[in-house]
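S.K.: Shown below is the structure under consideration.
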Amino acid sequence: MATAPPAATTADHVYNFNAGPAILPRPVLEEVQAELLDYRGTGISIMEASHRAPEYEEINAQAQERLRRLLGLGEEYAVLFLGGGATTQFDMVPMNLLTPGRTADYVVTGNWTQKARDEARKIGSVHVAASMEEERFTRIPRQEELRFSADPAYVHICSNETVWGVQWPDAPDTGGAPLVADMSSDILSRPLGGSRFALLYAGAQKNLGPAGVTVVAIRADLLERAPKDLPTMLRYATHAKSKSLYNTPPVFPVYVMNLVLAWIEETGVDVIAERNRRKAALIYDAVDTSGGYYRGHAEPGSRSLMNATFRLPDEEKETMFVREAAEQGFVGLAGHRSVGGIRVSLYNAMGLEGPEALAQFMPDFAARHG
Ligand code: PMP
């Protein structure tokens, strides 16, 4: 047997602040463990089952229904489980919806919308309705700052920019144009009213489950917009018609996601949303009461409840912060490589204890290294 890797921390409890893949609800992991070798009396693991078996068909249908209920989507939406990560949606959205002669509007609020915009430009005409780049992505644009093109094919936003830690407080008014949202890092973290979106998508690995499945919810009237020669696997309609069983789906990630969705249903999105507000407030209060030692990146009105980002007086202290915090059991706090600083990811599965403990560590660290 290979030797075990060195222990990452000497703490007896680990709080997982990873940005994604990220923390999963403990009861879900325990259920996965309990039925890993024998899925509900079948004698085999769900990983070994056919995706055409009734066991998986039930999981697939349940997960789609749960998402529909939790997101508040009517029967007019198709819920799809796709591969390729949220990044593939940067291509699939324009390939399916940006038809010749039309323009798609992108609101650029950080790395992920820059990438989405750049991919869309390879497919068709793109108009940037607002870009926060010059302000180093410190805020979400106000409604009156959005300059839409005439009759856009759709308006694309990212509801929460994971890297910079800015989040739309509410969905913008697009004047009737179909709204498309990348919700990878805040899906089901608050009741946002899914039917306000013509299409929403999310990689699972933050609030929904393990990496490997991407959720897409699309309003049925958009399914047939795609050009006729679009390759089969890249067409939303292919997956909608076959209920995401056109080819072999990511069976295990969908299975775990279904358990996470059951956990969200049992807990309630409202309860989760309130807890998310309290968790984020603990961290931002520690920033705001530090006398300037910690400097929050985002403007208060645009602060993300999922990814709290802040800087310390210098990079050396930031490195020290990450190291000392890890020794105390706070893992995953280093900011994204393009931004630096500290990022505290507070996804749904994170309870109050982690942020409470971190909010105590922060003034203590500042006092010792001020
Ligand atoms: N959009 C957002 C908001 C993200 O945080 C990420 C990173 N998980 C992506 C898109 C890219 O996701 P993936 O790695 O699943 O392609």
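Nothing in this text is a laboratory measurement; each read-out follows from the coordinates by a stated rule. Please read all numbers here as calculations on a predicted model, not as lab measurements. Cβ: placed from backbone, ideal geometry, glycine included. Neighbour counts: every protein chain shown.
S.K.: Assigning unit charges at the beta carbon (Lys, Arg +1; Asp, Glu -1) and nothing else, what dipole magnitude in debye, to the nearest 20, does the chain show about its Cα centre?
M.R.: 660 debye
S.K.: Taking Cα pairs under 8 Å and at least six residues apart, what relative contact order does the chain come out at, in percent?
M.R.: 24 percent
S.K.: Could you go through region 15-20 in sequence order and give the Karplus-derived ³J(HN,Hα) for each residue, using 6.51 cos²θ - 1.76 cosθ + 1.60 with θ = phi - 60°, rounded to whole Hz, and x for Gly and Pro?
M.R.: 9, 8, 9, 4, 7, x
S.K.: To continue, here is another question. Which of Val155, Val271 comes first, and how do the rest follow, when ranked by fewest Cβ neighbours within 10 Å?
M.R.: Fewest to most other Cβ atoms nearby, the residues stand as Val271, Val155.
S.K.: Right, next: When we measure straight from the Cα of Lys206, which lysines land under 30 angstrom away, once same-chain ones fewer than 8 places off are left out?
M.R.: Result set, ordered by chain and number: Lys115, Lys122, Lys241, Lys243, Lys279, Lys317.
S.K.: Can you tally the net charge around Ala11? Count Lys and Arg as +1, Asp and Glu as -1, for every other residue whose Cβ sits under 12 Å from the Cβ of Ala11.
M.R.: Charge balance in the 12 Å sphere: -3.
S.K.: Rank Arg303, Arg40, Arg66 by mean-square fluctuation in a GNM of the chain with C-alpha springs under 10 angstrom and give only the top-ranked residue.
M.R.: Among Arg303, Arg40, Arg66, the largest mean-square fluctuation in the Gaussian network model of the chain belongs to Arg40.
S.K.: Hey, can you grab everything whose amide H is under 5 Å from the amide H of Val128? Only 5+ residues off in sequence or another chain; H modelled, so Pro and N-termini drop out.
M.R.: Amide H neighbours of Val128, under 5 Å, 5+ apart: Tyr106.
S.K.: Give me the net charge for the shell around Ala262: Cβ to Cβ below 10 angstrom, other residues only, Lys and Arg +1, Asp and Glu -1.
M.R.: -2
S.K.: Related question: Please label the shape of region 151-196 as rounded, prolate or oblate, based on the square roots a ≥ b ≥ c of the eigenvalues of the alpha-carbon gyration tensor (a/c under 1.5 means rounded; beyond that, a/b larger than b/c means prolate, else oblate).
M.R.: The shape class here is prolate.
S.K.: Rounded to the nearest 5, what % of DSSP beta bridges with both residues in region 180-274 are antiparallel?
M.R.: 60 percent
S.K.: Roughly speaking, what % of Cα-Cα pairs in region 163-258 are separated by over 15 Å, rounded to a whole number?
M.R.: Of all Cα-Cα pairs in region 163-258, 67 percent lie more than 15 Å apart.
S.K.: What are the residues whose amide H is under 5 Å from the amide H of Ser45, where those residues sit 5 or more places off or on another chain and H is modelled from the backbone?
M.R.: Tyr39
S.K.: Taking other Cβ within 10 Å of each residue's Cβ, how do His156, His127 sort, fewest first?
M.R.: His127, His156
S.K.: With runs of 4+ DSSP H residues as the only contributors, calculate the mean residue ellipticity of the chain at 222 nm using -39,500 (n - 2.57) per run, divided by the residue total and rounded to the nearest 500.
M.R.: -11000 deg cm²/dmol
S.K.: Can I ask one more? Using a 10 angstrom cutoff on alpha carbons, build the Gaussian network for the chain and name the most mobile of Asp170, Asp229, Asp221.
M.R.: Asp229
S.K.: For every other residue with a beta carbon closer than 15 angstrom to the beta carbon of Val251, add +1 if it is Lys or Arg and -1 if Asp or Glu, then tell me the sum.
M.R.: Local net charge: -2.
S.K.: Among Lys206, Lys243, Lys279, Lys228, which comes first, second and so on when ranked by fewest other beta-carbon atoms within 10 Å?
M.R.: Going from sparsest to densest Cβ surroundings: Lys228, Lys243, Lys279, Lys206.
S.K.: Moving on to the next point. Scanning the chain for helices, which whole DSSP H stretches are 20 Å or more long along the axis (Cα) and average -1.0 or more by Kyte-Doolittle?
M.R.: 251-267, 269-288, 353-369
S.K.: Okay, moving on. Based on the alpha-carbon gyration tensor of the chain and its eigenvalue square roots a ≥ b ≥ c, which shape applies: rounded if a/c is under 1.5, prolate if not and a/b is larger than b/c, or oblate?
M.R.: Oblate.
S.K.: Let me ask you something else. Over what distance in Å are the Cα centres of region 186-215 and region 81-99 separated?
M.R.: Each part reduced to its Cα centre gives a spacing of 14 Å.
S.K.: Related question: Please find the FRET efficiency linking Glu57 to Lys241, where r is the Cβ-Cβ separation and R0 is fixed at 22 Å, and quote it to the nearest 0.05.
M.R.: FRET efficiency, Glu57 to Lys241: 0.90.
S.K.: Also, I was wondering about something else. Under 5 Å between amide hydrogens, which residues at least 5 positions from Gly335 or on another chain qualify, with H placed 1.01 Å from N in the peptide plane?
M.R.: Residues meeting the amide H criterion: Gly341, Ile342, Arg343.
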